Amino acid sequence: MQKTLTSFELAALISELKERLEGARLKNIYQTEEGILILKFHKANEPSESLLIEPGKRLHLSSYLWKVPKRPPAFCMALRKHLRNCRVLGIGQHEFERIITIEASTKEGNFTLVSEIFGEGNVILVDSTGVIKHALTYRKMRDRNIVRGEAFQHAPSSGIAPLLVKNEDLAGLKDFKSLEVVRALTKLLSISGKYAEEILLRAQVNKNKRCESLSTADLDRIHNALEETLSQLKAGQLQPCAVLDTAGKWIDVIPVHLKKYEGFKLQRFETFNKALDEFYAKVSVEQETLAAAAKVHQEILRQQRILQEQIATLEEEKLKAQTNRKIGDQIYAHFHHLKTLFHRLAGPKKGGQMLEGIAAEIEEEGRKGIEPSTYFKSLDVQKRTLKVSIGELSFSLQTRRSVQDNAKGYYDKAKKAAKKSEGAREAIRKTLNNIEKLKQAEEISLRKEDKSIPKKRRKAWYEKFRWFYTSENLLVVGGKDAITNEILVKRHTAPQDLVFHADISGAPFVLIKAEERKPSQKSIQQAAQLAAAYSKAWKAKFSAVDVFYVRPEQVSKKAPSGEHLQRGAFMIRGKKDYVRKVPLRLAIGFDATSTHSLMIGGPREALEKRTRILVEIVPGDLSSRKLTDEIREVLMQKAPTNLQGTIAKMPNEDIQTLIPFGKGAIPKKGKR
């Protein structure tokens with residue numbers, strides 16, 4: 001399931017992109033490790049849009065989240081420097097080629113971002129004078145250079161732009177003579193084979209027909225079919241859909257209905273961008289699945305090679321143990337005969353010449369069948385090593401050592417080999433276990449139903465703050481800093497709400513959004529717990545702190561005469577109600593009940609209404625990075641198998657942002 005966008009498909013995208021992005025501001029730019037660019041745009045009173053550019057392959061709006069490195073690559077940083085906060089003046093397709101241009105207006109002047117969706121692909125930033133400012137990839141080619149500081153040139157045209165084709169231009173097909181018309185059409189026009197086939201199907205001209213045999217009527221029908229196909233793109237009359245095979249597998253995504261797919265099951269989409277986004281999400285999952293399975297399979301093969309080596313080692317050590325034990329037994333079985341040989345060889349104290357003479361005598365006796373000389377094979381005079389042969393065994397003995405010591409040496413070797421055999425058996429057991437686990441992992445990695453790329457979620461207004469729902473389903477919202485404190489109190493308080501603050505300097509304001517309901521003592525206690533947890537009492541490692549609450553009308557930005565209130569600070573007038581000794585404990589959980597999975601934080605009792613996959617933390621010294629790892633581990637242990645992968649992929653920031661003051665600890669078992 002591979003796909004590179006064609007010029008027809010890019011032309012279909014243009015009308016949608018113009019509507020969504022022209023006039024928008026480019027808020028930020030990201031680049032993945034794979035070289036995919038993600039441009040985030042914003043238009044007043046409209047949802048943000050993300051344009052994904054994968055050079056040489058695709059360009060479309062995307063609703064999915066992509067992993068980006070914390071440190072942006074140099075090209076990404078260069079684009080941010082020149083284009084961040086620019087206004088999009090226009091989006092176009094260069095001469096119906098696989099080239100998309102984005103015209104942008106900045107304080108520096110106008111720029112053009114050129115995305116090449118052909119060959120190896122490229123993204124090039126060109127200034128208002130037509131000079132290359134930056135490029136994803138710099139190249140020197142036969143027909144042009146992509147070099148910083150040089151004038152930018154588009155790649156040579158791949159054919160006549162279909163939008164400009166006239167009837168007489170198609171007469172050029174006959175110049176291709178014996179070439180099939182489908183191949184000639186791709187050479188004459190800048191279109192792909194798929195759409196060349198479609199035009200010929202609509203024209204009722206056999207795609208394999210030789211160009212030299214094309215009639216005037218054939219050429220007229222081809223021109224009419226081309227005009228018919230292009231008219232749908234020009235008028236924006238798209239019918240975007242995915243094409244599925246009989247097994248329900250996606251095989252293509254098309255902007256208009258194609259005759260070649262008549263009889264196929266089609267899944268319709270509101271826009272071509274959405275269709276492409278879903279298609280490539282499936283492609284990415286499939287590629288990730290196959291890559292993961294291939295990696296596991298390679299490890300299985302490696303482990304199987306290790307297993308074969310371990311089996312060979314086991315057999316070798318078993319044979320050594322058996323052989324050395326037999327030698328030891330034979331030495332004792334022929335102890336007196338061997339001792340006699342040792343006595344004859346060890347007796348003389350003269351030089352090697354005398355020993356060689358004795359060895360020759362023994363060898364001669366052996367040929368005559370005189371025992372124990374029949375056991376003698378050879379003697380190494382220098383090393384004092386006697387080689388003997390008893391039955392099927394031939395082995396060496398050290399004449400400087402006693403016969404008993406030689407036997408003991410072989411028994412020791414047998415024990416050592418037996419011990420190695422046990423080690424080899426244990427290693428084989430572990431390797432077999434590893435292979436079995438890897439086979440299970442390979443099977444799991446091929447299951448696509450558990451895999452997906454997370455989608456971007458439209459956040460609710462309160463998600464800019466700290467928030468949770470009480471066990472009675474009342475929304476509690478808290479500030480994150482001085483700015484959000486100010487915004488929360490000024491913009492989001494209603495007369496029926498309650499405003500909370502820990503009785504300590506350095507704490508957020510927290511609201512219960514009552515919505516015509518009177519908060520119960522339980523909800524008040526839970527809101528107080530959020531106010532306490534994110535106060536400086538946590539940083540000071542208090543076990544509890546008092547929290548007060550008041551009505552919104554008691555909160556004022558008006559300071560006493562001669563005094564000034566800093567941003568995020570407010571005056572409280574009138575009686576305060578207190579919640580005493582509020583424990584500093586906070587639960588962090590994984591909520592999969594909503595449309596999008598997310599990490600949530602708040603009092604344990606409140607979170608348990610939404611999820612059982614949670615862990616409680618208290619003030620401590622563990623850094624947010626280490627604590628995040630521990631929290632994730634606990635959550636994965638508590639989660640069902642089908643959610644563990646999702647939890648593993650949740651960004652660290654989603655957990656870290658919930659940890660008060662970036663430090664804490666998970667209490668020991670038995671503590672809640």
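Return the residues of the range 229-247 that are outside any helix (DSSP H, G or I) and of a type in the set (Ser, Thr, Tyr); say none if nothing qualifies. Across the range 229-247, the qualifying residue is only Thr246. Does the range 507-536 hold any residues that are assigned to a strand (DSSP E or B) and open to solvent by less than 10 Å² (accessible area, probe 1.4 Å), and which are they? Hits for the range 507-536 are Val510, Leu511, Ile512. Of the residues examined, Ile132 is not one that is β-branched (Val, Ile, Thr), touching a strand residue (DSSP E or B) at 6+ places or on another chain (Cβ under 7 Å), at pLDDT 95 or above and within 19 Å of Leu52 (Cβ to Cβ).
Number of residues in the range 121-171 that are assigned to a loop (DSSP other than H, G, I, E, B) and more than 33 Å from the chain's Cα centre (by Cα): the value is 20.
Residue-by-condition table, conditions (1) assigned to a strand (DSSP E or B); (2) open to solvent by 10 Å² or more (accessible area, probe 1.4 Å); (3) within 30 Å of Leu230 (Cα to Cα); (4) acidic (Asp, Glu):
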position: Asn85; (1), (2), (3), (4): no, yes, no, no
position: Val88; (1), (2), (3), (4): yes, no, yes, no
position: Gly92; (1), (2), (3), (4): yes, yes, yes, no
position: Glu95; (1), (2), (3), (4): no, yes, yes, yes
position: Ile100; (1), (2), (3), (4): yes, no, yes, no
position: Glu103; (1), (2), (3), (4): yes, yes, yes, yes
position: Asn110; (1), (2), (3), (4): yes, yes, no, no
position: Leu113; (1), (2), (3), (4): yes, no, yes, no
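Cβ-Cβ contacts under 8 Å between residues 6 or more apart (or on different chains), taken from a first residue in the range 111-133 that is at positive phi to a second residue that is open to solvent by 40 Å² or more (accessible area, probe 1.4 Å) and among the small types (Gly, Ala, Ser), are listed as Gly130/Ala151. Name every residue in the range 560-590 that is modelled with pLDDT of 90 or more and assigned to a strand (DSSP E or B), in order of residue number. Correct list: Asp577, Tyr578, Val579, Arg580, Lys581, Val582, Pro583, Leu586, Ala587, Ile588, Gly589, Phe590.
Candidates Ser373, Ser394, Ser389, Ser402: the one that is touching a residue at least 12 places away in the same chain (Cβ under 8 Å), open to solvent by 60 Å² or more (accessible area, probe 1.4 Å) and of a type outside the set (Phe, Trp, Tyr) is Ser394.
If I filter the range 635-658 for residues that are open to solvent by less than 50 Å² (accessible area, probe 1.4 Å), in contact (Cβ under 8 Å) with a residue 24 or more places away in the chain and more than 26 Å from Thr593 (Cβ to Cβ), do I get at least one hit? Looking through the range 635-658, none of the residues is open to solvent by less than 50 Å² (accessible area, probe 1.4 Å), in contact (Cβ under 8 Å) with a residue 24 or more places away in the chain and more than 26 Å from Thr593 (Cβ to Cβ).
When Tyr375 is tested against (1) at positive phi; (2) touching a strand residue (DSSP E or B) at 6+ places or on another chain (Cβ under 6 Å), exactly one condition is not met: (1). Take the conditions assigned to a loop (DSSP other than H, G, I, E, B) and either under 18 Å from Lys668 (Cα atoms) or open to solvent by less than 30 Å² (accessible area, probe 1.4 Å) (or both) and apply them to Lys541. Does it pass? Spelling it out, Lys541 is indeed assigned to a loop (DSSP other than H, G, I, E, B) and either under 18 Å from Lys668 (Cα atoms) or open to solvent by less than 30 Å² (accessible area, probe 1.4 Å) (or both). For Thr216, state whether it is open to solvent by 50 Å² or more (accessible area, probe 1.4 Å), of a type in the set (Ser, Thr, Tyr) and either free of Cβ contacts under 8 Å to residues at least 12 places away in the same chain or in contact with an Asp or Glu (Cβ under 6 Å, 6 or more places away or on another chain) (or both). Yes, satisfied. The residue that is most open to solvent (accessible area, probe 1.4 Å), counting only those in the range 248-287 that are part of a strand (DSSP E or B) and not acidic (Asp, Glu), is Arg268. The number of residues in the range 600-615 that are of a type outside the set (S, T, N, Q) and open to solvent by less than 20 Å² (accessible area, probe 1.4 Å) comes to 9.
Annotation note: Cβ proximity below 6 Å between a residue of the range 177-200 that is without any contact (Cβ under 8 Å) to a residue 12 or more places away in the chain and farther than 13 Å from Arg98 by Cβ and a residue that is of a type in the set (Val, Ile, Thr) and in a helix (DSSP H, G or I) (sequence gap 6+ or interchain) occurs for Gly193/Thr186. Being surrounded by 20 or more Cβ atoms within 10 Å (Cβ to Cβ) and not in a strand (DSSP E or B): is that true of Arg625 here? So Arg625 fails the test. No other residue among Pro162, Pro156 is at pLDDT below 95 and loosely packed, with under 15 Cβ neighbours inside 10 Å apart from Pro156.
The values are calculated or read from the model by the stated rules, or taken from the named source; none is laboratory data. Keep in mind that what you see is a predicted model, and the values were worked out from it rather than measured. Counting neighbours? That spans all protein chains shown, and the Cβs are built from the backbone with ideal geometry, glycine included. All accessible areas refer to the heavy atoms of the entire protein, side chains included, with ligands and DNA or RNA removed. Shrake-Rupley method; radii C 1.70, N 1.55, O 1.52, S 1.80 Å.
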